[in-house]
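The values are calculated or read from the model by the stated rules, or taken from the named source; none is laboratory data. Just so it is clear, the model here is predicted, and its values are computed rather than measured. Using ideal geometry, Cβ is built from the backbone for each residue, glycine included, and neighbour counts are taken over all protein chains shown.
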Amino acid sequence: MSSVIVPKLELEPDVIALPDDTQLPESDGAIVENFQEHPQSTLLTDTLWPVLQQRHPDGQFCIGQNSGIYWRVTDPPPLGCKAPDWFYVPEVPPLREGRVRRSYVLWREAVAPLIMMEFVSGNGVEEHDRTPWTGKFWVYEQGIRAPFYAIYEVNPGRVEVYHLVDGHYEQLPANERGHFRIADLGVELGIWHGVYRNQELPWLRWWDAAGNLLPTGDERAASAEELAARLAERLRALGVNPDEV
């Protein structure tokens, strides 16, 4: 069973009358991604996936990548929406009533994302904006109320992680490995310098609680192949044909 602590939201009595994701725009048409953001999101999802499968054997969770989160009703609707570069929501179905989600609508779901991330593409002002009702930092803290908020800068290669405590974000200190513990997931978040998808950069990645880097699918496959090759070599040394085992 999952041990994730699920943040619950209070729903208004007339919530059924409010629009759902089929009635709200899924995009404002803006071009917002650079060439690093998509592989970065993929890297986060790929490496965390086995952890999420263990925590949610029933498959009840969803991940958004630059997807809209509607947190309040506004006119026009996009004013009440923010689109984090990456977020994870526990204990909700991956599909909405059997169909692909167009966006994540808080007043329909009543479960806030556990962690949201922003990838800085400018000077970081937008990601740290505490302006009431409009600033990303304020909305994530006071509107959406995600327990964890991470702000990642590929250049110079750093990440800030905030934890919601008594209704306000407090910046988490790094541990002895330079990572940030996401206790609710049993993992750590930090910077890894290496090559991913032909780009050598300081990437944002996950580690387990013991400090072991969580591998990508390709890395897991390579490790399995290496292990199989070593076993075959050992069997041959013992005079055993590996194909007959």
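Inside segment 110-140, residues that are touching a residue at least 40 places away in the same chain (Cβ under 8 Å), buried (at least 18 other Cβ atoms within 10 Å of the Cβ) and outside any strand (DSSP E or B) make up a count of 6.
Within segment 134-144, is there a residue that is in the same structural domain as Trp207 (by TED's automatic domain parsing) and on the phi > 0 side of the Ramachandran plot? No: segment 134-144 contains no residue that is in the same structural domain as Trp207 (by TED's automatic domain parsing) and on the phi > 0 side of the Ramachandran plot. Suppose the filter is in the same structural domain as His128 (by TED's automatic domain parsing), part of a loop (DSSP other than H, G, I, E, B), at pLDDT 95 or above and among the charged types (D, E, K, R); does Arg177 pass it? Yes. Close Cβ contacts (under 8 Å, 6 or more residues apart or on different chains) running from residues in segment 188-200 that are in a strand (DSSP E or B) and at pLDDT 95 or above to residues that are among the β-branched types (Val, Ile, Thr) and buried (at least 19 other Cβ atoms within 10 Å of the Cβ) comprise Glu188/Ile182; Leu189/Val159; Leu189/Val161; Leu189/Ile182; Gly190/Val159; Ile191/Val159.
Which count do you get for residues in segment 77-104 that are more than 13 Å from the chain's Cα centre (by Cα), assigned to a loop (DSSP other than H, G, I, E, B) and either in contact (Cβ under 8 Å) with a residue 12 or more places away in the chain or within 21 Å of Ala150 (Cβ to Cβ) (or both)? The qualifying residues number 7.
Consider segment 154-171 and keep the residues that are crowded, with 20+ Cβ neighbours inside 10 Å and either not aromatic (Phe, Trp, Tyr) or not assigned by TED's automatic domain parsing to the domain that holds Ile115 (or both). The one that is farthest from Trp107 (Cα to Cα) is Val154.
Checked against the criterion of being under 11 Å from the mean Cα position of the chain (by Cα), touching a residue at least 40 places away in the same chain (Cβ under 8 Å), buried (at least 18 other Cβ atoms within 10 Å of the Cβ) and farther than 27 Å from Pro19 by Cβ, segment 53-73 contains not a single residue that satisfies it.
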